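Okay, so here's the structure we're looking at.
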Amino acid sequence: MRYKTKQINVGGVLIGGDAPISVQSMTYSKTRDVKSTLEQINRLYFAGADLVRCAVFNKEDITGLCEIKKQSPLPIIADIHFNFTYAVAVADFVDAIRINPGNIGGKAHIKAVVDACKKRNLPIRIGVNCGSLEKQFEERYGRTPEAMIQSALYNVSLLEDFDFSDIAISLKASDVPTTVKAYRQLRPLVKYPFHLGLTEAGTKFHASIKSAIALGTLLLEGIGDTMRVSITGELEEEIKVARAILQDSGRQKSGVNIISCPTCGRLQSDLVKAVKIVEEHTKNIKEPLNISVMGCIVNALGEAKGADIAIAFGKENGMIIKHGEIVARLAQDELIERFLIEIEEEVKARKA
Ligand code: SF4
């Protein structure tokens, strides 16, 4: 089950409804540094991102973003705080705007942004962040899910007052329980798509775990339409982890799922090396493929039944199993090479 939400369109990427859950990230250079920002956008594109967000902090960033948009392979979301004139200016060329209408200075400013977005059918993401809540909500509810929800509803109402409904919402906190509660409790109250994420999640190890728990929980409950895994300074890793969370929560059917045994005292091969080779060789495969790599035959046959293609190592030899049928028994030094060929053939067959 997935919550049915209103569908919006960000530069050709559909978000919400029954659209695939998209993955996005954010560049970390100054946006006025066109060369560095474009270099990061290209890295994200090749890593498999669907969308990218760039901060607009001053007028030079607006000029830079205009140039970046011309060359970007990904739709661009402009991230703006406080200054509505920046939002109006970039609305001429970007694909969406992230801004909180509650902090841009009153109804006339909100109307100016809404009018600029309506002219080009641009969606607006309301980005509620637990660390920068409006004073009235923080004073009344503290830094709680309730405060985040009230802030989101308030910001939504400001846009709806101008008959604007191409909205996405995020509710980010830096801790897992607050984030999950906020998204979960807001979900039945609005029809708009959710951008999932944690904020200030930390470095690779911890951010991956926190994101897997928070985003994985929400995705399993059918919540979420687009997402970002925030990892300090690791663009490609953000996309890799996000895709893995989507795949392991059953929300993305494409790509390779590798099942490998943890190894134990029965192991009679260099399984760690074998898994790394298989992982490297299959990382760009888009077709859905379950691959099992097992260190001995104790569990291999059972795992192979659930895999499209499996390899099981024995003492000096091993076997390759495709769709439950043994297709080769070979010496260990020939096994991996043949396995990679069999994987390629399987992918070709699927494409055909
Ligand atoms: S598959 Fe074999 S080697 Fe791997 S953990 Fe299980 S028993 Fe050990």
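The values are calculated or read from the model by the stated rules, or taken from the named source; none is laboratory data. Just so it is clear, the model here is predicted, and its values are computed rather than measured. All Cβ positions, even for glycine, are placed from backbone atoms using ideal geometry, and neighbour counts span all protein chains on display. We work out accessible area using only protein heavy atoms, side chains counted, and drop any ligands, DNA or RNA first. Shrake-Rupley method; radii C 1.70, N 1.55, O 1.52, S 1.80 Å.
At-a-glance table
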item	result
Residue that is closer than 18 Å to Met227 by Cβ and assigned by the TED database to the domain that holds Ala96, where the choices are Ile126, Ile149	Ile126
Cβ-Cβ under 9 Å pairs, at least 6 apart or on other chains, the stretch 250-272 side assigned by the TED database to the domain that holds Glu303 and among the charged types (D, E, K, R), far side at pLDDT below 90 and near the ligand (Cβ under 7 Å from one of its atoms)	Arg266/Gly295; Arg266/Cys296; Arg266/Val298
Residue in the stretch 298-307 that is acidic (Asp, Glu), more than 16 Å from the ligand (Cβ to nearest atom), buried (at least 16 other Cβ atoms within 10 Å of the Cβ) and within 23 Å of Gln332 (Cα to Cα) present	no
Residue satisfying condition, being under 20 Å from Ala244 (Cβ atoms), surrounded by fewer than 16 Cβ atoms within 10 Å (Cβ to Cβ), within 14 Å of the ligand (Cβ to nearest atom) and at pLDDT 90 or above, within set Val272, Val293	Val272
Test: Ser260 is within 16 Å of the ligand (Cβ to nearest atom), hydroxyl-bearing (Ser, Thr, Tyr) and either touching a Cys at 6+ places or on another chain (Cβ under 9 Å) or at positive phi (or both)	no
Of residues in the stretch 292-320 being without any contact (Cβ under 8 Å) to a residue 24 or more places away in the chain and of a type in the set (Val, Ile, Thr), the one farthest from Glu344 (Cα to Cα)	Ile297
Glu345 closer than 30 Å to Leu219 by Cβ and either within 10 Å of the ligand (Cβ to nearest atom) or part of a helix (DSSP H, G or I) (or both)	no
Test for Gly255: is it modelled with pLDDT under 90, within 16 Å of the ligand (Cβ to nearest atom) and among the small types (Gly, Ala, Ser)	no
Tally of residues being under 29 Å from Leu220 (Cβ atoms) and either in contact with an Asp or Glu (Cβ under 6 Å, 6 or more places away or on another chain) or buried (at least 16 other Cβ atoms within 10 Å of the Cβ) (or both) across the stretch 12-50	17
Options Ser211, Ser170; residue that is open to solvent by less than 20 Å² (accessible area, probe 1.4 Å) and out of contact with any strand residue (DSSP E or B) (no Cβ under 8 Å at 6 or more places or on another chain)	Ser211
Meets criteria (at pLDDT 95 or above and farther than 24 Å from Val229 by Cβ) for Glu160	yes
Counted residues, the stretch 89-121 - those being part of a helix (DSSP H, G or I) and either in contact (Cβ under 8 Å) with a residue 40 or more places away in the chain or among the acidic types (Asp, Glu) (or both)	9
Filtered residues of the stretch 142-192 (kept if among the aromatic types (Phe, Trp, Tyr) and under 24 Å from the mean Cα position of the chain (by Cα))	Tyr183, Tyr192
So Gly324, is it outside the structural domain of Tyr45 (by the TED database), over 30 Å from Asn42 (Cβ atoms) and within 16 Å of the ligand (Cβ to nearest atom)	no
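For every residue, the table says whether it meets (1) open to solvent by 30 Å² or more (accessible area, probe 1.4 Å); (2) modelled with pLDDT of 95 or more; (3) touching a Ser or Thr at 6+ places or on another chain (Cβ under 9 Å).
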{"position": "Val52", "(1), (2), (3)": "no, yes, yes"}
{"position": "Asp61", "(1), (2), (3)": "no, yes, yes"}
{"position": "Ile77", "(1), (2), (3)": "no, yes, no"}
{"position": "Val94", "(1), (2), (3)": "no, yes, no"}
{"position": "Gly105", "(1), (2), (3)": "yes, no, no"}
{"position": "Asp115", "(1), (2), (3)": "yes, yes, no"}
{"position": "Arg125", "(1), (2), (3)": "no, yes, yes"}
{"position": "Pro145", "(1), (2), (3)": "no, yes, yes"}
{"position": "Gln150", "(1), (2), (3)": "yes, yes, no"}
